[in-house]
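For reference, the structure is listed below as structure tokens.
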Amino acid sequence: MLKGLDIEFEAISINADETFSNTLKLEEVPEFLARKKSKSFQRDLLEKELLITADTVVILGEQILNKPRDKAEAKSMLSSLSGNTHRVITGVCLTSLKGQHSFRDETKVSFSQLNEAEIDYYLNHYKPYDKAGSYGIQEWIGYVAIDSMNGCFYNVMGLPLPKLYQALKTIKI
């Protein structure tokens with residue numbers, strides 16, 4: 001998604017422990033995890049280098065729907081999202097030698113009622129296992145199941161690009 005902002009970048013993989021305390025408010029979890037990922041970066045930052053880390057969670061009611069462990073859990077998640085409105089919150093952390101700035105963005109997403117055949121179709125034709133809440137808005141299920149959305153589309157994809165762009169304009173690195 002950063003390519004769309006015409007920003008030069010290098011994608012890296014950071015292996016971070018994604019556990020969090022259950023004393024955190026649900027809304028705080030993605031920003032906490034984005035900061036935690038920045039601490040797991042394996043080398044010192046260079047002058048004029050900026051590390052961007054992010055984490056996205058899906059919240060239905062008072063429950064976080066993480067990435068599903070298997071097909072049964074993915075089916076359960078999609079069934080629970082069906083006919084309901086949930087929140088997608090992405091936390092972003094910007095880290096440089098001069099400091100750190102983090103923020104979060106929230107989008108409310110309403111799903112239409114899905115039948116079992118539609119959920120099975122998605123699970124059999126797409127890969128929901130690396131996605132919070134078991135779905136990708138940019139895939140088939142996003143085309144057929146999203147009734148309405150209040151907030152940033154890109155946030156649901158995992159990075160709130162307009163907010164990130166504004167932050168990048170003001171940050172000192």
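What the table below lists for this structure:
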read-out: Complete set of residues in segment 1-51 that are acidic (Asp, Glu), under 26 Å from Cys152 (Cβ atoms) and at pLDDT below 90; value: Asp6, Glu8, Glu10, Glu18
read-out: Residue match in segment 81-100 (condition: at pLDDT below 95, surrounded by fewer than 18 Cβ atoms within 10 Å (Cβ to Cβ) and of a type in the set (A, V, I, L, M)); value: yes
read-out: Answer from Gly151, Gly158, Gly133 - the residue that is modelled with pLDDT under 95 and among the small types (Gly, Ala, Ser); value: Gly158
read-out: Single condition Ser76 does not satisfy, out of (1) without any contact (Cβ under 8 Å) to a residue 24 or more places away in the chain; (2) farther than 24 Å from Asn22 by Cα; (3) part of a helix (DSSP H, G or I); value: (2)
read-out: Test: residue in segment 65-78 that is loosely packed, with under 15 Cβ neighbours inside 10 Å, over 16 Å from Asn150 (Cα atoms) and acidic (Asp, Glu); value: yes
read-out: Long-range neighbours under 9 Å by Cβ, at least six apart or interchain, first residue closer than 19 Å to Pro30 by Cα and in contact (Cβ under 8 Å) with a residue 12 or more places away in the chain within segment 159-173, second polar (S, T, N, Q) and in a helix (DSSP H, G or I); value: Leu161/Asn155; Lys163/Asn155
read-out: Yes/no for Tyr129 being under 30 Å from Ser40 (Cα atoms), surrounded by fewer than 17 Cβ atoms within 10 Å (Cβ to Cβ), among the hydroxyl-bearing types (Ser, Thr, Tyr) and out of contact with any His (no Cβ under 9 Å at 6 or more places or on another chain); value: yes
read-out: Any hit, segment 113-120, residues being over 20 Å from Leu60 (Cα atoms), among the small types (Gly, Ala, Ser) and modelled with pLDDT of 95 or more; value: yes
read-out: Unique match (being out of contact with any Gly (no Cβ under 9 Å at 6 or more places or on another chain), among the aliphatic types (A, V, I, L, M) and in contact (Cβ under 8 Å) with a residue 40 or more places away in the chain) among Val88, Val144, Val92, Val109; value: Val92
read-out: Counted residues, segment 37-59 - those being within 14 Å of the chain's Cα centre (by Cα) and either exposed (fewer than 14 other Cβ atoms within 10 Å of the Cβ) or of a type outside the set (Gly, Ala, Ser) (or both); value: 8
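The values are calculated or read from the model by the stated rules, or taken from the named source; none is laboratory data. Keep in mind it's a predicted model, so treat the numbers as computed, not measured. As a convention, Cβ positions derive from the backbone with ideal geometry for all residues, glycine included, and neighbour counts pool all protein chains shown.
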